[in-house]
1. Mind checking which of A:ILE32, A:ALA50, A:ALA221 is farthest towards the positive end of the protein assembly as shown's charge dipole, using Cβ charges of +1 (Lys, Arg) and -1 (Asp, Glu) about the Cα centre?
2. Given Cβ point charges of +1 (Lys, Arg) and -1 (Asp, Glu) and nothing else, what value in debye, to the nearest 20, does the dipole of the protein assembly as shown about its Cα centre take?
3. Take B:LEU34 and A:ASP120, extend 7 Å from each Cα along the Cα→Cβ direction, and tell me the distance between the two endpoints in nm.
4. Within straight cross-link reach of A:LYS46, meaning Cα distance under 20 Å, which lysines are found once same-chain residues fewer than 8 apart are removed?
5. I need the calculated FRET efficiency for the pair A:ASP41 and B:SER92, taking r as the beta carbon distance and R₀ as 22 Å, to the nearest 0.05.
6. Taking chain A as a Gaussian network, Cα atoms linked when under 10 Å apart, which of A:ALA176, A:ALA161, A:ALA129 shows the biggest mean-square fluctuation?
7. Once you sort the root eigenvalues of the Cα gyration tensor of chain A as a ≥ b ≥ c, which label holds: rounded (a/c under 1.5), prolate (a/b larger than b/c) or oblate (the other case)?
8. Using Cβ counts within 10 Å as a stand-in for footprinting exposure, how do A:PHE154, B:PHE68 rank, fewest first?
Amino acid sequence: MRTLIIVPAYNEEKNIQGVIEDIRTNLPGADIIVIDDGSKDSTSKKAQEAGAKVISLPLNLGIGAAVQTGCKYAFEKGYEIAVQFDGDGQHMAEELPGLIKPIKEGRTDAVIGSRFLSGDPYEMKWQRAMGIRVLSRLVSLIAGQRITDPTSGFRAANRKAIEFYCKNYPEDYPEAEAVVLLRRAGMRLEEVPARMRQRLGGISSITPLRGLYYMVKVTLAIVVDLMKKK
Amino acid sequence: MEFLNIATPVASFIMMLAVVELIRKGRLKEKYALLWLFSSIVIFAVSLSRKTLEWASQIVGIHYPPSFLFLIAFGFLVLINLHFSTVVSELSETNKRLAQEIALIKAEIKK
């Protein structure tokens, strides 16, 4: 099945080449598209040097819109599987075959790679762990199935889900809300274990204040989604 | 004659003129001017006669008529702001779509 790896990247000149190499080695058959989200550094150039195709957004639109751009590309080009693989080096390409397997087997429309199912210890601050646990409960409740890692950006979608994402994809902090939207649209969803690296370089985009904004925004978005007509 | 009796109608009339002038010059679209125009007309009308204002404020139970004027003005400001928030949201959505399309087309051309 034609597979596209969508790599959203914002100012990732240090990590992007390693990420592309990693994907190449572990999933040689897949095409890679880097969505440069208006980076101020040489992310786009570095990605091209590494041999990836690059789509450069003229403005910094945020992760949600960047991933959606990749989905629009995947849909237009007729890809059957699209994978989101973050450009910061956090995700492991070794886990890619496992991530797309449920879609290849036709069992599901979308897959989330969960670091909490992997059995690997994943260290994070307690505030963050708590935030994720709260979101996990909320999302699981609404999705009607257990979602252990709703904020994971390591995910795959089949053509049906890609098409859905082209029309509906939340803009900022989209992961948890996207799960809810998918389930509300009646799509099948599966979680698979996926190890993740602690960050290689750069700093996380989540500061305490943003963390709070994240929780409030995502919760509000999910509640509002519930009130919208199907 | 209190200061407010003169100031309010004058101010709201100037406001009305300013909005019309901006529309005329093409710097303000009618769509976004409607609420401004409507609010200045209402405030102008209500502030013209002390009697109307007193009568209207008594109905809603406000003892100091000028504060009824403030209430109306405040209500309109809230409405206008809310309207603008929806406009900004629409703009950011169309902006996003345009940027995405441009990026996709640019990638297509480069090939």
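1. After comparing all options, I get A:ALA221.
2. That gives the protein assembly as shown a dipole magnitude of about 540 debye.
3. 5.6 nm
4. Hits, sequence-local ones excluded: A:LYS14, B:LYS106, B:LYS110, B:LYS111.
5. In this case the efficiency is close to 0.35.
6. A:ALA129
7. The shape class here is rounded.
8. Values: A:PHE154 25, B:PHE68 21.
The most exposed by this proxy come first: B:PHE68, A:PHE154.
Only the coordinates and a few stated rules stand behind these numbers; no lab work does. Fair warning: this is a prediction, and the values are worked out from it, not measured in the lab. Please note: Cβ atoms are built from the backbone with ideal geometry, for glycine as well, and neighbour counts cover all protein chains shown.
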